[in-house]
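Have a look at the structure below, then the notes.
The values are calculated or read from the model by the stated rules, or taken from the named source; none is laboratory data. The shown structure was predicted, so the numbers you read here are calculated from the model rather than taken from an experiment. Don't worry about glycine lacking a Cβ; one is built from the backbone with ideal geometry, like all the others, and counts go over all protein chains shown. The area values use the complete protein model at the heavy-atom level, side chains included, leaving out ligands, DNA and RNA. Shrake-Rupley method; radii C 1.70, N 1.55, O 1.52, S 1.80 Å.
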Amino acid sequence: MANEARPCPCDIGDRFEYGGLGHEVQVEHIKAYVCKPSASTEKAVIVIQDIFGWQLPNTRYMVDMLAANGYIAICPDFFVGKEPWNPSDDWSTFAEWLKTRDARKIDKEADVVLKYLKQQCSAKKIGVVGFCWGGIVVHHLMMKYPELKAGVSVYGIIRDSDDRYNLLVPTFFIFGEKDDVIPLDQVTLLEQKLKQHCKVDYRVKIYPGQTHGFVHRKREDINPQDKPYIEEARKDMISWLNKYI
């Protein structure tokens with residue numbers, strides 16, 4: 001890693017000033033933000049937070065964008081009440097903080113959310129999208145939950161496990177060319193291994209010049225040079241979901 005003192009570059013980007021169009025609900029032992037489309041649908045997407053938690057306005061903006069594209073969209077608190085990371089926190093403590101928020105130990109929460117979508121929202125086709133920490137969660141779910149229809153892992157770290165190629169569900173991986181925490185050689189290895197082992201559809205795409213967080217942490221109006229790639233990645237994400245859900 002380029003900088004051990006800053007093990008995640010998620011502070012790159014901007015916090016959106018955004019209130020949200022949805023509402024918060026209690027789903028058994030966790031809280032969640034939900035936004036529904038204007039027309040009834042049986043399609044849903046679970047949106048999984050980055051290290052800044054389920055209440056980050058940027059993530060809620062993405063939830064609302066998915067709802068505007070015809071999906072019941074829900075962002076649960078996968079930290080289950082534990083404090084999200086704060087940019088002012090001491091980065092030297094990040095590794096310890098992360099140990100109590102294991103991206104591969106969220107099955108209980110995933111089960112609760114799936115049950116809610118099926119029973120309370122009448123969802124029959126469900127996909128999942130995750131950013132950074134949430135991208136790791138997506139990768140995990142794609143190897144464990146065949147009932148899901150599609151996944152999009154957005155700059156989820158891919159070096160934390162050797163057993164990550166036997167996907168059960170079509171998965172789209174989004175990466176930035178200039179992401180300091182996910183080197184391109186790791187992305188190349190991922191693609192090679194998926195080609196060897198994966199039996200379902202997948203796609204790996206690298207967006208030129210983009211840093212970690214570009215899809216949901218950069219505002220187009222103050223990053224005009226990045227705007228085409230931000231918009232392209234969001235369009236690609238929606239297209240992948242539309243294809244399989």
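Please identify the pairs in which a residue from the range 221-234 that is in a helix (DSSP H, G or I) has its Cβ atom under 6 Å from the Cβ atom of a residue that is open to solvent by less than 90 Å² (accessible area, probe 1.4 Å) and at pLDDT below 90, counting only partners at least 6 apart or on another chain.
Going by the 6 Å Cβ cut-off, the qualifying pairs are K227/E220; I230/K218; I230/E220.
For a quick check of your reading of the model, give me the residue pairs whose first member lies in the range 187-203 and is under 12 Å from L167 (Cα atoms) and open to solvent by less than 70 Å² (accessible area, probe 1.4 Å), whose second is of a type in the set (S, T, Y) and assigned to a loop (DSSP other than H, G, I, E, B), with beta-carbon atoms closer than 7 Å and at least 6 apart or on different chains.
Qualifying pairs under 7 Å: K193/Y165; L194/Y165; C198/Y165.
Does the range 169-178 contain any residue that is of a type in the set (G, A, S), in a strand (DSSP E or B) and at pLDDT 95 or above?
Within the range 169-178, one or more residues are of a type in the set (G, A, S), in a strand (DSSP E or B) and at pLDDT 95 or above.
Quick one: D163 ticks every box in (1) of a type outside the set (F, W, Y); (2) closer than 30 Å to K193 by Cα; (3) open to solvent by 60 Å² or more (accessible area, probe 1.4 Å); (4) not in a loop (DSSP other than H, G, I, E, B) bar one, so which box is it?
Against the list (1) of a type outside the set (F, W, Y); (2) closer than 30 Å to K193 by Cα; (3) open to solvent by 60 Å² or more (accessible area, probe 1.4 Å); (4) not in a loop (DSSP other than H, G, I, E, B), D163 comes up short only on (4).
Out of everything in the range 44-74 that is surrounded by 20 or more Cβ atoms within 10 Å (Cβ to Cβ), polar (S, T, N, Q) and touching a helix residue (DSSP H, G or I) at 6+ places or on another chain (Cβ under 6 Å), what residue ends up being nearest to R217 (Cα to Cα)?
Per the stated criteria, the residue is N58.
For S88, all conditions in the list (1) of a type in the set (S, T, Y); (2) surrounded by fewer than 19 Cβ atoms within 10 Å (Cβ to Cβ); (3) closer than 21 Å to R234 by Cβ hold save one; what is the number of the exception?
Condition not satisfied by S88: (3).
What residue, among those in the range 204-220 that are open to solvent by 60 Å² or more (accessible area, probe 1.4 Å) and assigned to a loop (DSSP other than H, G, I, E, B), is modelled with the highest pLDDT?
Only one residue tops the list, namely P208.
So is R101 over 18 Å from K218 (Cα atoms), in a loop (DSSP other than H, G, I, E, B) and in contact (Cβ under 8 Å) with a residue 12 or more places away in the chain or not?
yes
Count, please, the residues in the range 235-245 that happen to be surrounded by 15 or more Cβ atoms within 10 Å (Cβ to Cβ) and either part of a helix (DSSP H, G or I) or among the small types (G, A, S) (or both).
Number of matching residues: 6.
Is it the case, given these coordinates, that L141 is at pLDDT 95 or above, under 21 Å from N69 (Cβ atoms), under 18 Å from the mean Cα position of the chain (by Cα) and assigned to a helix (DSSP H, G or I)?
On the way: at pLDDT 95 or above: yes; under 21 Å from N69 (Cβ atoms): yes; under 18 Å from the mean Cα position of the chain (by Cα): yes; assigned to a helix (DSSP H, G or I): yes.
When the stated conditions are applied, L141 passes them.
Six or more apart or on different chains, Cβ atoms under 7 Å: show the pairs whose first residue is in the range 18-43 and loosely packed, with under 14 Cβ neighbours inside 10 Å and whose second is assigned to a loop (DSSP other than H, G, I, E, B).
Within 7 Å, the pairs are H29/V80.
Look at D185 and say whether it is in a loop (DSSP other than H, G, I, E, B) and at pLDDT below 95. Before the answer, list the steps.
Working: in a loop (DSSP other than H, G, I, E, B): no; at pLDDT below 95: yes.
Taking the combined requirement at face value, the residue does not satisfy it.
Please identify the pairs in which a residue from the range 143-159 that is in contact (Cβ under 8 Å) with a residue 12 or more places away in the chain and open to solvent by 10 Å² or more (accessible area, probe 1.4 Å) has its Cβ atom under 6 Å from the Cβ atom of a residue that is not hydrophobic (A, V, I, L, M, F, W, C) and not in a loop (DSSP other than H, G, I, E, B), counting only partners at least 6 apart or on another chain.
What qualifies is K149/K125; K149/G127; K149/Y244; R159/Q186.
Among the residues of the range 161-184, what is the count of those that are touching a Lys or Arg at 6+ places or on another chain (Cβ under 7 Å) and among the hydroxyl-bearing types (S, T, Y)?
1
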